[in-house]
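Throughout, read-outs are computed from the coordinates displayed, never taken from laboratory work. Remember, it's a predicted structure, so these values are computed and weren't measured experimentally. Neighbour counts are summed over all protein chains in view; Cβ atoms, including those assigned to glycine, are modelled from backbone coordinates with ideal geometry.
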Amino acid sequence: MKTLENLQKDKSILEWPVYMRRAIDLAGIVLSATPNPRVGCVIVNGGEIVSEGWHAAAGLAHAEVMAIEKAGELAQDGIAFVSLEPCSFTGRTGPCSQALIEAGLSKVVIAGLDPDARVSGSGVKQLEDAGIEVFHLPEFEAQAQDLNRGYFKRHTLGLPFVRLKLAMSLDGRTALASGESKWITSSIARSDVQRIRASSSVILTGVNTVIDDDPTLNVRTEDLSLDEEELNLNQDCLAQQPMRVILDSQLQTPGTARILAATGQVKIFTASSGNHPNNLGDNVEIVQIAQEEKGVDLESVLESLASKFACNDVLVEAGPTLSGSFIEKNLVDELIVYVAPKILGSDAKPLLEISGLSSLAQATQLEIKEVAEIGKDIKAVLSKPN
Ligand SMILES: NC(=O)c1ccc[n+]([C@@H]2O[C@H](COP(=O)([O-])OP(=O)(O)OC[C@H]3O[C@@H](n4cnc5c(N)ncnc54)[C@H](OP(=O)(O)O)[C@@H]3O)[C@@H](O)[C@H]2O)c1
């Protein structure tokens, strides 16, 4: 694989970062392509963009194939800018490396290698073996990886990227002592949560939230803060609901729970070896998992979601007990907190059930990534310090 130094006398390379930036923007058109990565591709010929492509959803054409089809004969001798190394194996669709070779591209420029062991470097090798020059633009690598944090984490560490969403009052409370909590935050904040759900492979919760609130935890297209064009472009991605996961050691999820009846797959992770007392639908699977002190073993749940169900991004939407466990076990990559300008007082329920700290040195330290006003609320995004 070559870098730009190999082409220093060629003035046209000055435009290459523009094309790669466009490929990255195209990748970001869709909220999710789970279990696949989001990828964008631009084909340039004679100094002009002749076509653009992106991967709209798993099972549909990959970005390179969409761009090649749109370019037609103009792909011949062109340069393809792709935000990720082209795949080199046959999955639900054929290998993109082969499609690029057959279309007669002269050069392929990528932002980085695919971490999937079935590809990682072999996409580049197949192209080079066929006489196509492959270039790497390392300055775009971090940006391209950011588009697919869960995909990269699953293929490198065998775990999904975990986001924990919490909604709280200004004094860090989530519900009145009576349990009343609807709604602490505004509808604009809740519609932002819908968008985060749509970009996740899994929405994970605890059995108490299912019993107390009876949520569906699904994506409601009408509540998404997307304009008409974004909705159109995301049609295929939104046709599939994220998997819903309930952590329920004793199999106490009511058979009538709305989460089980809503469209889409549901997995109940349990430590119980018994059967659920009710006949559950075909969309519901019971997954046996190891027990730990506070319920099921969270790390095993995450490993199973990555390895068995190819889940890249998990959104935890649970109460203080399970959310507290995720924090205590240091399993949260990103915390998204919506803060409503309301004060619920000290009788109200806490944000997280975490106890036993005896010194500040034991406190969970986070780093603020983003703070924004959202409707009448504040949204803060935090992550583990680097
Ligand atoms: N403010 C927010 O953002 C927000 C979001 C969601 C829910 N809520 C509120 O939270 C309330 C429920 O909170 P909650 O704390 O009682 O329940 P929860 O966190 O939703 O669920 C806790 C239950 O999950 C199960 N679990 C399985 N494995 C676990 C593990 N490793 N660690 C911890 N729990 C595990 C346990 O039941 P088993 O032992 O039976 O398995 C545990 O009792 C609801 O009223 C809801 O309104 C608030």
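For Ile203, the residues whose amide H sits under 5 Å from its own are Met243, Arg244, Val245, Leu315, ignoring neighbours fewer than 5 places away on the same chain, with H placed 1.01 Å from N. For the stretch 167-209, the residues whose backbone nitrogen is under 14 Å from a point 7 Å from the Cα of Asp347, taken along Cα to Cβ, are 175-180.
The loop-placed chymotrypsin sites (Phe, Trp or Tyr not before Pro) in the stretch 114-188, going by DSSP, that have at most 12 neighbouring Cβ atoms within 10 Å of their Cβ come out as Trp183. Enumerate the lysines that Lys182 could reach by cross-link, defined here as Cα to Cα under 29 Å, with residues fewer than 8 away along the same chain left out. Correct list for Lys182: Lys165, Lys267, Lys294, Lys329, Lys342, Lys349, Lys369, Lys376, Lys379. Label point 7 Å out from Ser178 along Cα-to-Cβ: which residues of the stretch 330-348 have amide N under 18 Å? Answer for the stretch 330-348: 343-348. Among Ile246, Ile79, Ile196, the order by Cβ neighbours within 10 angstrom, fewest to most, reads Ile196, Ile79, Ile246. Remark on Leu335: its backbone amide H falls under 5 Å from those of Leu164, Leu382, Ser383, a criterion applied only to residues 5 or more positions apart or on other chains, H modelled at 1.01 Å from N. Note down the net charge around Leu127, summing +1 for each Lys or Arg and -1 for each Asp or Glu among other residues with Cβ under 10 Å from its Cβ. So the environment of Leu127 carries a net charge of -2.
Please work out the FRET efficiency for the pair Thr364 and Asp236, using the Cβ-Cβ distance as r and a Förster radius of 35 Å; give the result to the nearest 0.05.
Numbers: r = 38 Å, r/R0 = 1.09.
With a Förster radius of 35 Å, E is 0.35.
Okay, helix-only estimate at 222 nm for the chain: each DSSP H run of n ≥ 4 adds -39500 (n - 2.57), divide by all residues, round to 500 deg cm²/dmol; what do you get?
Working: 13 runs with 103 residues, N = 386.
Mean residue ellipticity at 222 nm (helix-derived): -7000 deg cm²/dmol.
In vacuum, with every alpha carbon of the stretch 52-175 counted as one equal point scatterer, what does the Debye formula give for log10 I(q)/I(0) at q = 0.09, 0.23 Å⁻¹? Two decimals, please. After summing over all Cα pairs, the log10 values are -0.31, -1.45. Counting only Cβ charges, +1 for Lys and Arg and -1 for Asp and Glu, the dipole size of the chain around its Cα centre is about 580 debye. Looking only at the stretch 57-90, which residues have a backbone nitrogen under 11 Å from a spot 7 Å from the Cα of Ser106 in the C-beta direction? Once the point is set 7 Å along Cα→Cβ of Ser106, 76-79 turn out to lie under 11 Å by backbone N, inside the stretch 57-90.
For Glu139 and Lys70 in the same chain, what is the full-extension length gain: residue separation times 0.36 nm, less their Cα-Cα distance, in nm? Show your work: numbers first, answer last.
Details: separation 69, 0.36 × 69 = 24.84 nm, distance 2.79 nm.
Gain on stretching Glu139 to Lys70: 22.1 nm.
Which whole number in µm²/s is D for the chain by Stokes-Einstein, with the Kirkwood Rh taken over Cα pairs at 37 °C and 0.692 mPa s? Can you show the working numbers first?
Working: Rh = 22.6 Å.
My calculation gives 145 µm²/s for D.
When DSSP beta bridges are restricted to pairs lying wholly in the stretch 212-363, around 20% turn out antiparallel.
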